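Student: Please read through the structure below; I'll follow up with questions.
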Amino acid sequence: MRRRDEAGGLRSRPNATVISLRVLTAVDSGIRGSAYHGTLSRPKPREKLDRSPGKLRLPSRSNSGESLMSATDYSVDLRDIRFVLNEQLRIVETLRMHPRHAHLDAETVDSILTGAEQIAREVIAPINAPGDRAGCRFDGAGNVTTPPGYKKAWDTLAEGGWVGLAADEDFGGMGLPYALNVAVGEMLSSASVAFENYVGLARGAANILAQFAPEHLRRAAVEKLYGGDWGGTMCLTEAGAGSSVGDNRARALPTAAAGVYELEGEKVFITAGDHDLTENIIHLVLARTPAAAPGTKGLSIFMVPKFLFDGSGALGERNGAFVTRVEEKMGIHGSATCTLVLGDGKRCLGYLLGNEFDGMRIMFQMMNEARLGVGIQGLAASAAAYNSAVAYAKERIQGVPVEKMRDATAERVPIVRHPDVRRMLMWQKVHVEAMRSLLYSTALRFDVAESAADKAVAEQQLGIAELLTPICKAYCSDRGFESTVLALQTYGGYGYMQEFPVEQYVRDAKIASIYEGTNGIQAMDLLGRKLQQGGGALLRAWLGGCTELLSKARALGGLETEVSELEKARDNLGASAMHLGGLAMKGEIAAAMVHATPFLNQFGGVELGMQALRQAVVAQEAMAAGAAGDDLGFYRGKVANVRFYCAQVLPATVAAGKSIRSGDTSCLDEVLFR
């Protein structure tokens, strides 16, 4: 998708047909000659497991010998992804009114979605389980090798231009909407969250450098990152400091060259700190210059390349940034989590980004994008696990219908017929689909904020998007993990076995609540910063949007009970916010913050309910317009979602509000935990 003619100039934007051809060509070239050629319809069976019909340790649905192979398949719910983007958000209609996206059309959107699904299913998903087993290898000399298949998959993405999908055309990108990029990110992450980490970090580093890199190196670095030729990292964490970034000790000493510093120090838990996917890696490093004040205000940010380079992108000597350790982790084994040492035995040069002491302000731009990305990872893992659980439940024969439980001769049925299994699947369904709605709609708010000519509209959309960001990160990662656990529970004992994919989804999903700022930090950010902005203006704007939605749903009819329950939940949330705000005004900060996480969970629970209602309204309108066949069943599922959610999930938000307003601070008693 990089569009430069032979003379080096930018070509005009390709139409959807060209995009589709490039997508499919990239997929085919990435698969042809690989271990997966000839098995494109399903992932390669896991090694050491015989999945032949006579050997699989599960009963078949009939006497034909048909095995339950589909329970190991990876799949994407493109129908629901298209519903959110096209029917609910109306992405083309919404964004074409803004000059930045005047070119956008439905054919382009569908080509991108179709191509991303194919790459996720045929290129990335097959390396997920093998990559989990193999992990990354460290040679002891600063070099990391990714699992087999990763390099070929990376080259396929790079050749297709997928890293720079939403990048500015000036840097060789497609300039497509962020919301569409988020949908692609979900598919790539659900195929392999470990692999997608490399993609997200390269894109995030490029976004920062496009604004702040030294002018003479900017174009080369940004184009190489967006083009997939180079990788990127975000280097904040240090041993002992952890999430307390202001305690970082890495030093940056000025050289004789303006804007160039020598860096010394150590960073830990650095995702993609080294690998063999690209020829160079750009580390974005927080460090302190000699005049730095204590805390976060004294931090500056530097571009530290693995290999030094010039303005043309030509590589020079190896810089003094070396990996000394690769962590052994619970999950995401294919994602290299590294200790990175700077300036130990070899000079490590870094280039100042922006102004001195601007480090946190600049880094937060990448962190906020990463936090939304982590929420997408929570959604992606839960979506993949849910799809697997549904396939398993429809094919696993066990037991008889509950109505015939005393009849020993009754026909055995698929477990999807059992009420408790259906309850578990429904919990997963509504959370996956409501989280998808939340994340895509938040991304669209960022698109509108960037594109709208009306400053007031842009500021409001940006404000609400920033308000929802900690909820997207924390609530979606927590609920996403819970959903993968429930998917495993749907399988029963077989879900705990490595021959099925859900146990890996569980392990891979847990990290999302920890990295890019633990979920407790997200809750503190929501309560201590986001709610305070503009004297609570962001919360009032969000509440206003809820009121508008509830009024529309009531006028449409058919969901009166659900509207009433969501109104109560909205008001209950407002009461919690007032209570906690009152504590803060009285200086009882600890008493307020002890309820920060419960408040975020209450907020997230209400927000997902609103998303489920919003989807149900769209579905009702579609049914009223004459939807039939499979579409009718799909839309009925959206209405069932909000009914289930309001009856079975939403009451927990009311209980959370009661707990928050109880004033309990017993855990703060100093006699505890000595």
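The values are calculated or read from the model by the stated rules, or taken from the named source; none is laboratory data. Note that the coordinates shown come from a computational prediction; the quantities given were computed from them, not determined experimentally. Positions of Cβ are backbone-derived with ideal geometry, glycine not excepted, and every protein chain shown enters the neighbour counts. The accessibility values were calculated without ligands, DNA or RNA, using every heavy atom of the protein model including side chains. Shrake-Rupley method; radii C 1.70, N 1.55, O 1.52, S 1.80 Å.
Student: Counting only DSSP beta bridges with both residues in the chain, what percent are antiparallel, rounded to the nearest 5? It would help to have the intermediate numbers written out before the result.
Tutor: On the way: 32 of 39 bridges.
Roughly 80 percent of the DSSP beta bridges within the chain come out antiparallel.
Student: On average, how much accessible surface per residue is there in the chain, in Å², for a 1.4 Å probe, leaving out ligands, DNA and RNA? Let's see the in-between values first.
Tutor: On the way: 27210 Å² over 674 residues.
Accessible area per residue, the chain: 40 Å².
Student: Enumerate the aspartates and glutamates that K658 could reach by cross-link, defined here as Cα to Cα under 20 Å, with residues fewer than 8 away along the same chain left out.
Tutor: Reachable aspartates and glutamates: E565, E567, D571, E588, E607.
Student: Which FRET efficiency value, to the nearest 0.05, is calculated for E459 and A640 with the Förster distance at 41 angstrom and r the Cβ-Cβ distance?
Tutor: Numbers: r = 37 Å, r/R0 = 0.91.
With a Förster radius of 41 Å, E is 0.65.
Student: In nm, give the distance between the simple-model label positions of A239 and N355, each being 7 Å from the Cα along the Cα-to-Cβ direction.
Tutor: Reported label-point gap for A239 and N355 is 3.6 nm.
Student: Quick one: length gained pulling D344 to A293 fully straight, 0.36 nm per residue minus the C-alpha distance? Provide the component values of the computation, followed by the final result.
Tutor: Numbers: separation 51, 0.36 × 51 = 18.36 nm, distance 2.45 nm.
Full extension from D344 to A293 adds 15.9 nm.
Student: In percent, what relative contact order does region 373-467 have, based on Cα pairs under 8 Å that are 6 or more apart in sequence? Could the numbers behind the result be given before it?
Tutor: Details: 70 pairs, mean separation 21.9, N = 95.
Value for region 373-467: 23 percent.
Student: Find how many whole Å separate the alpha carbon centroid of region 567-622 from the alpha carbon centroid of region 132-148.
Tutor: Value for the Cα centre distance between the two parts: 44 Å.
Student: Could I ask something else about it? Which distance in nm do the two modelled labels at A652 and L668 give, with both placed 7 Å along the Cα-to-Cβ direction?
Tutor: The modelled label-to-label distance comes out at 2.6 nm.
Student: Place a label point 7 angstrom from the Cα of S551 along the Cα-to-Cβ direction, then list the residues of region 612-650 whose backbone nitrogen is under 17 Å away.
Tutor: Answer for region 612-650: 614.
Student: Counting pairs of alpha carbon atoms under 8 Å apart in space and at least six apart in sequence, what relative contact order in percent does region 543-647 give? Mind showing how you got there, number by number?
Tutor: Values: 63 pairs, mean separation 30.3, N = 105.
The normalised contact order for region 543-647 reaches 29 percent.
Student: Same structure again: Just from the alpha-carbon atoms, what are the Rg and Dmax of the chain in angstroms?
Tutor: Taking only Cα atoms of the chain, I get Rg and Dmax of 25.3, 88 Å.
Student: Starting from the amide H of T271, placed 1.01 Å from N in the peptide plane, find each other amide H under 5 Å away whose residue is 5 or more places distant or on another chain.
Tutor: M234, C338
Student: Around A523, what is the net charge, scoring Lys/Arg as +1 and Asp/Glu as -1 over all other residues with Cβ under 13 Å from its Cβ?
Tutor: Working: positive: R371, K473, R529, K530; negative: D478, D525.
Result for the local shell: +2.
Student: If you put +1 on each Lys and Arg Cβ and -1 on each Asp and Glu Cβ, how big is the dipole of the chain around its Cα centre, in Debye rounded to 20? Could you put the intermediate results ahead of the total?
Tutor: Numbers: 73 positive and 76 negative charges, 194 e Å.
Here the size comes out at about 940 debye.
Student: Ok, one more. Give me the net charge of M97's neighbourhood, meaning all other residues with Cβ under 13 Å from the Cβ of M97; Lys, Arg count +1, Asp, Glu -1.
Tutor: Spelling it out: positives minus negatives among the neighbours equals 0.
Student: Quick one: pull the percent of accessible area on region 300-415 belonging to carbon and sulfur, 1.4 Å probe, ligands and nucleic acids left out. Could you put the intermediate results ahead of the total?
Tutor: Details: 2300 of 4620 Å².
Whole-percent figure for carbon plus sulfur exposure: 50.
Student: Can you tell me the length gained on complete extension of the stretch R133 to D229, counting 0.36 nm per residue apart and subtracting the Cα distance? Numbers along the way, then the final one.
Tutor: Working: separation 96, 0.36 × 96 = 34.56 nm, distance 2.65 nm.
Contour length minus Cα-Cα distance gives 31.9 nm.
Student: Once you place label points 7 Å from the Cα toward the Cβ at R406 and Q489, how far apart are they in nm?
Tutor: The modelled label-to-label distance comes out at 2.9 nm.
Student: Given an 8 Å cut-off on Cα distances and at least 6 residues of separation, report the relative contact order of the chain as a percent.
Tutor: Working: 1194 pairs, mean separation 82.7, N = 674.
Relative contact order comes out at 12 percent.
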